[in-house]
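Asker: This structure is in structure tokens; I'll ask about it shortly.
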Amino acid sequence: MKQLIKGNEAIVKSAILAGCRAFYGYPITPASEIAEAAALYLPRAGGVFLQAESEVAAINMLYGAAAAGVRALTASSGPGISLMQEGISYLAGAELPCVIADIMRGGPGLGNIAPEQGDYNQVVKGGGHGNYRTLVLAPDSVQEMADLTRLAFDLADEYRNPVVVLADGYTGQMMEPVEFPAAAMLPRRPAWAVDGTAATRRNLITSIYLEPDQLEAHVRKLETKYRRAEQQAVRFESHRTEDAEIVLVGYGIVARILKAVVEQARAQGLAVGLLRPITLYPFPAAELRRLSRQALAFLVVEMSTGQMVEDVRLALEGRRPVEFYGRCGGNVPSAEEILRWVRERADHYWPAFAPEEMADA
Amino acid sequence: MATTTVEAVPVTMANLKGRVDPDWCPGCGDFGVLAAYQKALVELRIQPHQVVTISGIGCSSNLPGFIHTYGMHTLHGRSLAVATGVKLANHHLHVVVTGGDGDGFGIGGNHFVHTMRRNVDLLYIVMDNQIYGLTTGQTSPTSRVGMKTKSMPFGNIEEPVNPMALALAAGATFVARGISSEQKHLTELLKQGLMHKGFAFVDVFSPCVTYNHDNTYQWFRPRVKKLEDDPGYDPSNWYAAMEKAQMWGEEIPIGRFFQRTGLPSLHGNEPILADDVPLAHRDPRIAPDLARQFVEELM
């Protein structure tokens, strides 16, 4: 049965169904509803909610919960995520699973509370110190807020690493019908956790390796996990890319606008498709390279001044032109303005390149 | 550094008005705090350019925009840290920090403690409404046990912080409490705080008429009792102050709880400021000999 709820609330409900039993957080617009929903629902599920004195405190409380083997969640927005970066680095270093929801707002600095996608760099590239990555999932609907939250907990356990659900203020605040899984999933208590039993008393949770060789070995071990994730955890959605000569790339709420653009462009006879990365790390680089065999150009749209576009360029390694269109400050690009831009770029590329000529390039 | 002659203007309420009008809800206690702060500056004839008003994040932290002094709107909970930097950079400025209970006692709690311990010479005005207002009504560190909020829908289960006792314990050298509805009394406390040499903390009951239906003007009015009305009260007695700080419920003391004079402030203890020239006004160049020495010196 479908339920009409806010994206932020969907995260909490899905988390509880996925076995999350601890939430620590700090109020911030536009993510506060996640904390409020956790305050309301978690006690009923036998979980704990605590309003921390700061995001700095919250992420460190997650560290404690995760170390004890409890599935734990926090949520915030840009400025709060910045504060958590030190803690995220520690969690990754100590190989602790947790889920962090980032409901992006406008920045930098105080910015505003309108939706933006300006946290891509700090979340996907890791704003904290050291050699680590966070796995990042980007929902484009309330349904995906639920589905990807559940997936996030599984990936966090599988890779023993923090996983971020990266959404924007729109996806957090909007209401859509959501289908939740019928049965709650109960994760097994991990063997490495420090859960206060004789069996786990020798378990050690740490990220300190004073000897250079030890630390290098530890970092290599983390690296191996990330390489594995790059092989196994990539997710994306392809929309009419089979014969696309121009491939639009966008994630989250932007991708929904791009779908409308694809339809309108197709109606005008332009062979346009959409690639929507669902995992921002690991990034669908192989799929982009595969598409570059047929596509003339890649047009990236973000609600930022251009952050994910760098990963598109890195993936394509100069095989095809990559162009960027962005709005920021809380402005959302309209399908009409993107279509105008796509048409303009199409006029530029089609006379210059014929698909036949490019095929073997 | 060029010297500019600033022509003194008469300090009036009108020319202390900020460029924008407050966006607080009608009836918010913060209006009274702003007015009392402006009156204190008028009565002490402190020029706008001699004051910097610094805040963090929260409804009350929007205050620097509503007053014509220097102003800084900084990170949530970090205003006292920023203020410490300002005071050390230019100790001739009157530094006034404004904010709320969440900003000061929650996220900024450790800065609060350490800034008092250091006796940074500033006035810290907390508009204490026992709730998070800007984020629309979650529990704050001063919310009472049992209070129902959006983040404590079944009632707060945590003991609130006692700001007066905390300040006294942390070593604040001026500790006072007012209420926004007692304008004359509050103005007097803020004047004393501005003139105090060292960390002056003034906790002000500033009712939130939108989200806090427990701690209202009506709730406070019969409870608050001015320490100034007791001729036997001695604000230099720390133990007496600590005792008063424990009082809550039927009788809640307001007024100057404690003042200790003669203790050097942070900048007073800073050897490089012994010549009383503000850091910001010094020639930033260093002699070539000294520069070379730095470059060549190895640890």
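The values are calculated or read from the model by the stated rules, or taken from the named source; none is laboratory data. Given the structure is predicted, the values throughout are model-derived calculations rather than measurements. A quick note on method: Cβ atoms are made from the backbone with ideal geometry, for glycine too, and the neighbour counts reach across all protein chains shown. Keep in mind that these areas ignore ligands, DNA and RNA; they rest on the heavy atoms of the full protein, side chains included. Shrake-Rupley method; radii C 1.70, N 1.55, O 1.52, S 1.80 Å.
The rows are residues; the columns are (1) in contact with an Asp or Glu (Cβ under 7 Å, 6 or more places away or on another chain); (2) at pLDDT 95 or above; (3) open to solvent by less than 60 Å² (accessible area, probe 1.4 Å).
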{"site": "A:314", "(1), (2), (3)": "no, yes, no"}
{"site": "A:322", "(1), (2), (3)": "no, yes, yes"}
{"site": "A:335", "(1), (2), (3)": "no, yes, yes"}
{"site": "A:350", "(1), (2), (3)": "no, no, no"}
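Asker: Using beta carbons and a limit of 6 Å, which pairs, at least six apart or on different chains, have the first residue in the range A:269-291 and more than 20 Å from residue A:245 (Cβ to Cβ) and the second one among the basic types (Lys, Arg)?
Answerer: A:278/A:235; A:279/A:235; A:281/A:133
Asker: With B:59, B:25 as the choices, which residue is touching a residue at least 24 places away in the same chain (Cβ under 8 Å) and away from chain A (no Cβ under 14 Å)?
Answerer: Numbers: B:59 fails: away from chain A (no Cβ under 14 Å).
Sole residue among the options that is touching a residue at least 24 places away in the same chain (Cβ under 8 Å) and away from chain A (no Cβ under 14 Å): B:25.
Asker: For the structure I just gave you, tell me whether residue A:215 is part of a loop (DSSP other than H, G, I, E, B) and either more than 23 Å from the chain's Cα centre (by Cα) or modelled with pLDDT under 80 (or both).
Answerer: It is false that residue A:215 is part of a loop (DSSP other than H, G, I, E, B) and either more than 23 Å from the chain's Cα centre (by Cα) or modelled with pLDDT under 80 (or both).
Asker: Restricting the search to the range A:199-212, which residues are open to solvent by 80 Å² or more (accessible area, probe 1.4 Å) and either modelled with pLDDT under 85 or in a loop (DSSP other than H, G, I, E, B) (or both)?
Answerer: Scanning the range A:199-212 gives A:199, A:201, A:202, A:204, A:208, A:210, A:211.
Asker: Still on this structure, please answer the following. Among the residues of the range B:212-236, which ones are open to solvent by 60 Å² or more (accessible area, probe 1.4 Å) and either touching a His at 6+ places or on another chain (Cβ under 9 Å) or among the basic types (Lys, Arg) (or both)?
Answerer: Of everything in the range B:212-236, those that are open to solvent by 60 Å² or more (accessible area, probe 1.4 Å) and either touching a His at 6+ places or on another chain (Cβ under 9 Å) or among the basic types (Lys, Arg) (or both) turn out to be B:221, B:225, B:226, B:228.
Asker: Moving on. Looking at the range B:238-265, which of its residues are within 23 Å of residue B:191 (Cα to Cα) and either open to solvent by 60 Å² or more (accessible area, probe 1.4 Å) or modelled with pLDDT under 95 (or both)?
Answerer: B:238, B:256, B:260, B:261, B:262, B:263, B:264
Asker: Of all the residues that make up the range A:17-37, how many are of a type in the set (D, E, K, R) and part of a helix (DSSP H, G or I)?
Answerer: The total comes to 2.
Asker: So, in the range A:1-25, exactly how many residues are closer than 21 Å to residue A:87 by Cβ and under 20 Å from the mean Cα position of the chain (by Cα)?
Answerer: The total comes to 7.
Asker: So which residues in the range A:39-63 are farther than 18 Å from residue B:159 by Cβ, facing chain B (nearest Cβ under 9 Å) and open to solvent by 50 Å² or more (accessible area, probe 1.4 Å)?
Answerer: If the condition is that a residue be farther than 18 Å from residue B:159 by Cβ, facing chain B (nearest Cβ under 9 Å) and open to solvent by 50 Å² or more (accessible area, probe 1.4 Å), then A:40, A:43 are the ones that fit.
Asker: Out of all the residues in the range B:99-130, which are β-branched (Val, Ile, Thr) and more than 14 Å from chain A (Cβ to nearest Cβ)?
Answerer: Answer for the range B:99-130, where residues must be β-branched (Val, Ile, Thr) and more than 14 Å from chain A (Cβ to nearest Cβ): B:115, B:120, B:125, B:126.
Asker: May I ask you to verify whether residue A:194 is closer than 25 Å to residue A:120 by Cβ and in contact (Cβ under 8 Å) with a residue 24 or more places away in the chain?
Answerer: Considered against the rule, which asks whether it is closer than 25 Å to residue A:120 by Cβ and in contact (Cβ under 8 Å) with a residue 24 or more places away in the chain, residue A:194 comes out as no.
Asker: Still on this model: Checking residue B:152 against (1) open to solvent by 10 Å² or more (accessible area, probe 1.4 Å); (2) in a strand (DSSP E or B); (3) under 20 Å from residue B:208 (Cβ atoms): exactly one of these is not met. Which one?
Answerer: (2)
Asker: Ok, one more. I'd like the residue in the range A:99-125 that is within 17 Å of residue A:149 (Cα to Cα) and not small (Gly, Ala, Ser) and, out of all such residues, is farthest from the other protein chains (Cβ to nearest Cβ). Write out each step before concluding.
Answerer: Going residue by residue through the range A:99-125, those that are within 17 Å of residue A:149 (Cα to Cα) are A:99-104, A:123-124.
Narrowing further to those that are not small (Gly, Ala, Ser): A:99-100, A:102-104, A:123-124.
Details: A:99: 19, A:100: 18, A:102: 17, A:103: 13, A:104: 17, A:123: 19, A:124: 24 Å.
Filtering the range A:99-125 for residues that are within 17 Å of residue A:149 (Cα to Cα) and not small (Gly, Ala, Ser), the one farthest from the other protein chains (Cβ to nearest Cβ) comes out as A:124.
Asker: So how many residues does the range B:135-146 have that are surrounded by fewer than 19 Cβ atoms within 10 Å (Cβ to Cβ) and either in contact (Cβ under 8 Å) with a residue 12 or more places away in the chain or at the interface with chain A (Cβ under 7 Å from one of its Cβ atoms) (or both)?
Answerer: Matching residues across the range B:135-146 total 3.
Asker: Considering only the range A:292-316, state which residues are part of a loop (DSSP other than H, G, I, E, B) and either touching a strand residue (DSSP E or B) at 6+ places or on another chain (Cβ under 8 Å) or free of Cβ contacts under 8 Å to residues at least 24 places away in the same chain (or both).
Answerer: Result: A:292, A:295, A:296, A:303, A:304, A:305, A:306.
Asker: Considering each of A:254, A:272, A:262 in turn, give the residue that is in contact with a strand residue (DSSP E or B) (Cβ under 8 Å, 6 or more places away or on another chain), open to solvent by less than 10 Å² (accessible area, probe 1.4 Å) and closer than 16 Å to residue A:138 by Cα.
Answerer: A:254
Asker: Being open to solvent by 10 Å² or more (accessible area, probe 1.4 Å), within 13 Å of chain B (Cβ to nearest Cβ), out of contact with any strand residue (DSSP E or B) (no Cβ under 7 Å at 6 or more places or on another chain) and more than 21 Å from residue B:78 (Cα to Cα): is that true of residue A:36 here?
Answerer: Considered against the rule, which asks whether it is open to solvent by 10 Å² or more (accessible area, probe 1.4 Å), within 13 Å of chain B (Cβ to nearest Cβ), out of contact with any strand residue (DSSP E or B) (no Cβ under 7 Å at 6 or more places or on another chain) and more than 21 Å from residue B:78 (Cα to Cα), residue A:36 comes out as yes.
Asker: Of all residues in the range A:1-15 being at pLDDT 90 or above and surrounded by fewer than 23 Cβ atoms within 10 Å (Cβ to Cβ), which is farthest from the other protein chains (Cβ to nearest Cβ)?
Answerer: Within the range A:1-15, the match that is farthest from the other protein chains (Cβ to nearest Cβ) is A:4.
Asker: Separate question: Those residues that are under 17 Å from residue B:166 (Cβ atoms) and not basic (Lys, Arg), I need them from the range B:128-144; list them, please.
Answerer: B:128, B:130, B:140, B:141, B:142, B:143
Conditions tested, residue by residue: (1) out of contact with any Ser or Thr (no Cβ under 9 Å at 6 or more places or on another chain); (2) closer than 24 Å to residue B:105 by Cβ; (3) in a loop (DSSP other than H, G, I, E, B).
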| site | (1), (2), (3) |
| --- | --- |
| A:39 | no, yes, no |
| A:43 | yes, no, no |
| A:50 | yes, yes, no |
| A:61 | no, yes, no |
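Asker: Just one of B:73, B:68, B:92 is within 11 Å of chain A (Cβ to nearest Cβ) and farther than 16 Å from residue B:206 by Cβ; which is it?
Answerer: B:73
Asker: Within the range A:66-77, take every residue that is open to solvent by less than 10 Å² (accessible area, probe 1.4 Å) and not polar (S, T, N, Q) and give me the one that is nearest to the other protein chains (Cβ to nearest Cβ).
Answerer: A:75
Asker: Now, a different point. Give the residues of the range B:147-158 that are under 13 Å from residue B:132 (Cα atoms), of a type in the set (A, V, I, L, M) and more than 9 Å from chain A (Cβ to nearest Cβ), sorted by residue number.
Answerer: B:147
Asker: Can I ask one more? Out of B:187, B:139, I need the residue that is more than 19 Å from residue B:219 (Cα to Cα) and of a type in the set (Ser, Thr, Tyr). Which one?
Answerer: B:187
Asker: Restricting to the range A:127-180, name every residue that is closer than 15 Å to residue A:76 by Cα, open to solvent by 30 Å² or more (accessible area, probe 1.4 Å) and not in a loop (DSSP other than H, G, I, E, B).
Answerer: Correct list: A:170, A:173.
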